Structure formats: C-alpha cells, structure tokens
1. Under 7 Å between Cβ atoms, at least 6 apart or on separate chains: pull out the pairs that start in segment 54-66 with a residue that is over 9 Å from ALA117 (Cα atoms) and end on any residue that is surrounded by fewer than 22 Cβ atoms within 10 Å (Cβ to Cβ) and of a type in the set (D, E, K, R).
2. Using beta carbons and a limit of 7 Å, which pairs, at least six apart or on different chains, have the first residue in segment 98-110 and closer than 16 Å to TYR79 by Cβ and the second one among the aromatic types (Phe, Trp, Tyr) and surrounded by 15 or more Cβ atoms within 10 Å (Cβ to Cβ)?
3. Taking the stated definitions as given, is ALA71 in a helix (DSSP H, G or I), within 15 Å of GLU111 (Cα to Cα) and in contact (Cβ under 8 Å) with a residue 60 or more places away in the chain?
4. Can you name the residue in segment 84-131 that is surrounded by 12 or more Cβ atoms within 10 Å (Cβ to Cβ) and not in a helix (DSSP H, G or I) and is also modelled with the lowest pLDDT among such residues?
5. Restricting the search to segment 39-63, which residues are of a type in the set (Val, Ile, Thr) and either assigned to a helix (DSSP H, G or I) or under 20 Å from GLU111 (Cβ atoms) (or both)?
6. Go through segment 83-131 and count every residue that is acidic (Asp, Glu), within 30 Å of THR48 (Cβ to Cβ) and under 20 Å from the mean Cα position of the chain (by Cα).
7. Within segment 44-54, does at least one residue satisfy the condition of being at pLDDT 50 or above and farther than 23 Å from ARG121 by Cβ?
Amino acid sequence: MMHVLLKAALALVFVASLPLNLKAAPQRSSGEPLTAKEVRKAEKEARTAADHARLAAYYQSKAQRLQTKLAEAEDLVDYWGRKSEMVNRQKIPNPYFSAKNLAGSYREELERTTKLAADHRKMADSLQAGQ
C-alpha cells in the first residue's frame, strides 16, 4: 500500500512540474544571436542578408571559443613536450599525444568554422549590396 502511495505522490510531483503552457518556443528576433540548436534550421532557411549576418556572427563567436580551446591545448602540448619521457613513452594513453591530437582537432574545427563565418559574411554583404 505504501509503495502505491509513493508512486502516486511521485507522479503528482512530476505532473505538477510540467509547464502549463506547452506551445512552441517563440521565434527569435533577427537581432538575437543563434543558439547551436537553431543553426541547422537557420542554415536551411537563410535567405536574407540579416539571416546570413546572424549565421556569420554565430560562427565567428564559435571560432573565438575554439581559438581559446586551441591555445589551451597547444599549451598542454608544450608542457608535455618538455617532459621528454612523455614524448618517447610507449604506454597508452600518452598525455603528449593526446594533447597533440586534441590540438589538431581544434585546429581543424577552427579552420572550418572560420571559413563558414567568412562565407556567410560574404553572402550577407552581397545580398545587402543587391538591395
């Protein structure tokens, strides 16, 4: 009997915690920056200069964050590289090679993101000039 009451109480708490208004999320105004979840949809629907400018701003912001992460990863590569026993260590995981691989992946993503930002900025500029 107590088990049933406990389940009922938990169900009541769960239902009470649900939002009362389950409408779709409000549309963002064109001045607000995009979130990561909105980017995929925005990429498909971008038609105006403002749309492309918002995407360019998103990618530029992401590139700045990646630049910071890349600098931190390169610092780790330098740190572990000074410890010669780590560079020549065969045991896995090796912190030097892990840091080096992480820096490489950040570098690739930074290049891709910077290119996307430039492409969207160029598209926004061309659409704005055409108006």
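1. Filtered contacts from segment 54-66: LEU66/GLU109.
2. Here the result reads ALA99/TRP80, each pair linking segment 98-110 to a residue that is among the aromatic types (Phe, Trp, Tyr) and surrounded by 15 or more Cβ atoms within 10 Å (Cβ to Cβ).
3. Values: in a helix (DSSP H, G or I): yes; within 15 Å of GLU111 (Cα to Cα): yes; in contact (Cβ under 8 Å) with a residue 60 or more places away in the chain: no.
Judged against the criteria, ALA71 is not a match.
4. Top of the filtered list is ARG89.
5. Filtering segment 39-63 for residues of a type in the set (Val, Ile, Thr) gives 39, 48.
Listed by number, the list holds a single entry, VAL39.
6. Step one: filter segment 83-131 for residues acidic (Asp, Glu), giving 85, 108-109, 111, 119, 125.
Add one more test, that the residue is within 30 Å of THR48 (Cβ to Cβ), and what stays is 109, 111, 119, 125.
Still in the list and also under 20 Å from the mean Cα position of the chain (by Cα): 109, 111, 119.
Selection size over segment 83-131: 3.
7. Residues of segment 44-54 at pLDDT 50 or above: 44-54.
So of that shortlist, the ones also farther than 23 Å from ARG121 by Cβ come out as none.
No.
The values are calculated or read from the model by the stated rules, or taken from the named source; none is laboratory data. As the structure is a computational prediction, the values presented were derived from the model and not from experiment. Reconstructed Cβ throughout: ideal geometry from the backbone, glycine too, with neighbour counts over all protein chains shown.
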